[in-house]
1. Can you find a residue in the range A:364-375 that is under 22 Å from B:A212 (Cβ atoms), assigned to a loop (DSSP other than H, G, I, E, B) and at pLDDT 95 or above?
2. Going through the range B:140-190 one residue at a time, which ones are farther than 18 Å from B:V61 by Cα, aromatic (F, W, Y) and assigned to a helix (DSSP H, G or I)?
3. So which residues in the range A:8-34 are at the interface with chain B (Cβ under 10 Å from one of its Cβ atoms), in a loop (DSSP other than H, G, I, E, B) and either in contact with a strand residue (DSSP E or B) (Cβ under 8 Å, 6 or more places away or on another chain) or not small (G, A, S) (or both), if there are any at all?
4. Does B:E428 satisfy the criteria of being surrounded by 15 or more Cβ atoms within 10 Å (Cβ to Cβ), outside any strand (DSSP E or B), among the acidic types (D, E) and more than 14 Å from chain A (Cβ to nearest Cβ)?
5. With the requirement that a residue be surrounded by 24 or more Cβ atoms within 10 Å (Cβ to Cβ) and either in a strand (DSSP E or B) or free of Cβ contacts under 8 Å to residues at least 40 places away in the same chain (or both), what does the range A:195-204 give you?
6. Please go through the range A:329-350 and give me each residue that is crowded, with 19+ Cβ neighbours inside 10 Å and in a strand (DSSP E or B), ordered by number.
7. Inside the range B:296-328, can you point out the residues that are aliphatic (A, V, I, L, M), more than 10 Å from every other protein chain (Cβ to nearest Cβ) and assigned to a loop (DSSP other than H, G, I, E, B)?
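The values are calculated or read from the model by the stated rules, or taken from the named source; none is laboratory data. Since this is a predicted model, take the numbers as computed values, not measurements. So basically every Cβ, Gly included, is an ideal-geometry build from the backbone, and we count neighbours across all protein chains shown.
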2 protein chains.
Amino acid sequence: MVAPKTWVDYANLGLFTDLYELTMLQAYVEQGMDGTATFSLFVRRLRARRNYLIACGLDDVLSYFESLRFTREGLDYLASLGSFTERFVRWLKQFRFTGDVDAVPEGTPVFENEPILEVTAPIAQAQLAETFVMNQVHLQTVLASKAARVVTAAEGRTVVDFGPRRMHGIDAAIKAARAFYIAGVAATSNTLAGQIYGVPAAGTMAHSFVQAAKNEMEAFRAFAALYPETILLVDTYDTLQGVRHVIALARELGDAFKVRAVRLDSGDLADLALRARAMLDEAGLRNVEIFASGSLDEDAIAEIVAKGAPITGFGVGTSMGVSQDAPGLDMAYKLCAYGGRGRLKLSTGKPVLPGRKQVFRVEENGRAVRDVIARAGETLPGRPLLRPVMRGGRRLPEGTIDLHAARRHAQEEIARLPGHIRATLPAERRYPVEPSEALRAYQDEVAREVALADRDAAPSAL
Amino acid sequence: MVAPKTWVDYANLGLFTDLYELTMLQAYVEQGMDGTATFSLFVRRLRARRNYLIACGLDDVLSYFESLRFTREGLDYLASLGSFTERFVRWLKQFRFTGDVDAVPEGTPVFENEPILEVTAPIAQAQLAETFVMNQVHLQTVLASKAARVVTAAEGRTVVDFGPRRMHGIDAAIKAARAFYIAGVAATSNTLAGQIYGVPAAGTMAHSFVQAAKNEMEAFRAFAALYPETILLVDTYDTLQGVRHVIALARELGDAFKVRAVRLDSGDLADLALRARAMLDEAGLRNVEIFASGSLDEDAIAEIVAKGAPITGFGVGTSMGVSQDAPGLDMAYKLCAYGGRGRLKLSTGKPVLPGRKQVFRVEENGRAVRDVIARAGETLPGRPLLRPVMRGGRRLPEGTIDLHAARRHAQEEIARLPGHIRATLPAERRYPVEPSEALRAYQDEVAREVALADRDAAPSAL
């Protein structure tokens, strides 16, 4: 079996960038600005319903850096825009990424202002990547973080991704299956993602199959004949009548009846599950489980679990697939060093921590108690989270990501979070994150430098 | 210039489907169920903040149907799952779409329960397509509908798409540029989308360019030298000081100063715009416009416009790019006919209108007043919205979509909506949509048939 690593031809993604990155690149090239820059990717503020985030998307970032090129068609298009010189277009033709990446491993819980990754490279290279790097890490972090909440709410019951049909495009639906798997989701309905990533693919049956058959009983009979251990969808016409049809099928088939579960997809799921359970038990079908789907999110699942409804698995679609309550994060990719000097912005409400950084997670009795954002090179108490994953444009062993290892890592790291942070309810006390003394002092120093340089430049007439 | 029509290789998308579609397909094939089915794509309910939707995504649906195949790698993967017979895998190898599609043109406003498109084909073909068809029409309709609200709020001022970095993946960021353009957005920052679709690409400069320079003045000087008609970003350190630097540059350059605008990206945009306008005017720079960005959505823009802030263009990112307030729609793709008979479901709260349908938009004095959902073939007052776009797997001329025509169409059709429906505020009176008498009677008839067939099947013991 030949499984492609990804469905995207990265060689075509040179132009997947905001136009202003390219106009800035030309300006850097024209001015001979080829000094080393560090850009830091982080989330400024967590939303009320996100006590923590699960970092995700690094593998695609590294694949992008490994193979980033401009095609002839792409360069012809740029030339046609009238803003780019022949010289610059020739420069792009030779473009390769030769820089470094430091990152927290995929599946690591992260908090506000903590670097998820830092790119250090000649400024043009690190600048160009902004759009793709943010696009992928944002998407995958949004989705993994949402899924972790759903998995938490399910308290050990199976969660299956049913979202591809309402996720935002092909790429999101494929990457989601991977991000969800890292966050603890058991399987995906997305067959292509199953092929690409080896994530377990799963599915039951749709209403259309029941509708197209002569009647529901016929549909169940035919499907179970072909897939003895299937899950039968019972709500097309009347949920409890559907359950009766499953019981009738069990009587027909005797020992050959292997149906694994019934699926409820509408109505009051907890109440229907209790009734269905009682009917199945009374018919001696204690092994037939109840699987539920239909507009589920972490709140609905928590409510069902709290009611003690006898549901053993959940199919979760749109809400998890688009991260309905928080489809966007306040994520930024900001220049924090250039030419050996720390850089920052002073824009209202949008600060940047200068220089290359490290994050230390301080634990007590195996439980995370606070994070300290430090300058790179500092040695402080706690576990350092950022690791070198790419040097000189090549992946290091740490950058070769095993999906199953990332899933285990996420599970272990989430288990180490304080209970109120791991919970799906908004934490009254945020998880403590603070800059180190050295970083704070450096921030003040750089702010003074910037103000001074700016004052020097200000024309006296103004 | 060779512009690829799309960045996706549709030939690889056979597996982009929920696994259950394939298990159902095998069951159809095993049972010899090759009758003609119609599936209808529609949105069940509109959300409070969507008075109407803009249908979008048809072009990608038709491209998919034209080129849908299974690759050898895909088939090998399916064979490895253990659920599929060799015979079925051989059948998939030959798979081609040979069916019909009827659809409303892209850019058409649609309402709840109205078919956006209907697929009529041998049941396996129409079933398989569910995941892709919904994924694309959902995404593009979500985004076009959000963008139409933003454009309405801007009241004629320019809106530019700044969203690619926080949209959900590569596909979403590319398709969004097209959907936004249809909905009236002027340009995109997404260079690849510019290449693929010919949508105008636009951009200014980023904070990093200012941060990397010796100081802001130097950054402005260098950028304007290379791009005389550029837009300068003034909020990296202090917005009004940034405006002063632009004025100083104008004095330096004299007649060579051609800078088109300044961009505000943080703080109180309306207030800063008023102050910046006064400073620029006083310096004789009346032609330098003010462009604003930073966490904008239709509400923020409406507020800025209401305050009379002298802003002539808006860069809109995350909120429009992920449709923050409504990232998911209650969209469904449901079997409504098979083997010459109407089909429906009776699941709680999720009704289906049976049979092939047509929608008539009734207008009075050039203003839409109500829609009637009818059976296909009915002739009723009003304009029919659904048109044949594909027959026997081939696009008809109506299915060849010109992007600029779709944009004009959207503009014209939105202008015909009642004012309270076009508005961004939730409409107190929903736009009236009702089934025709014939459709209502047919729905009753099919419901009776289904109940009867189901009662016949129910084992008497239960």
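1. To start, the set of residues in the range A:364-375 that are under 22 Å from B:A212 (Cβ atoms) comprises A:375.
Of the ones still in play, those that are also assigned to a loop (DSSP other than H, G, I, E, B) are none.
Taking every residue of the range A:364-375 in turn, none turns out to be under 22 Å from B:A212 (Cβ atoms), assigned to a loop (DSSP other than H, G, I, E, B) and at pLDDT 95 or above.
2. Once the filter is applied, which keeps residues that are farther than 18 Å from B:V61 by Cα, aromatic (F, W, Y) and assigned to a helix (DSSP H, G or I), the range B:140-190 yields only B:Y181.
3. Result: A:V8, A:D9, A:L13, A:L15, A:F16, A:T17, A:Q31, A:M33.
4. no
5. Matches in the range A:195-204: A:A201, A:G203.
6. Scanning the range A:329-350 gives A:M331, A:A332, A:Y333, A:K334, A:L335, A:C336, A:A337, A:Y338, A:G342.
7. B:L296, B:A309, B:I311
Residue-wise test of (1) within 35 Å of the chain's Cα centre (by Cα); (2) within 15 Å of B:A154 (Cβ to Cβ).
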site	(1), (2)
B:V234	yes, no
B:R244	no, no
B:R277	no, no
B:S293	yes, yes
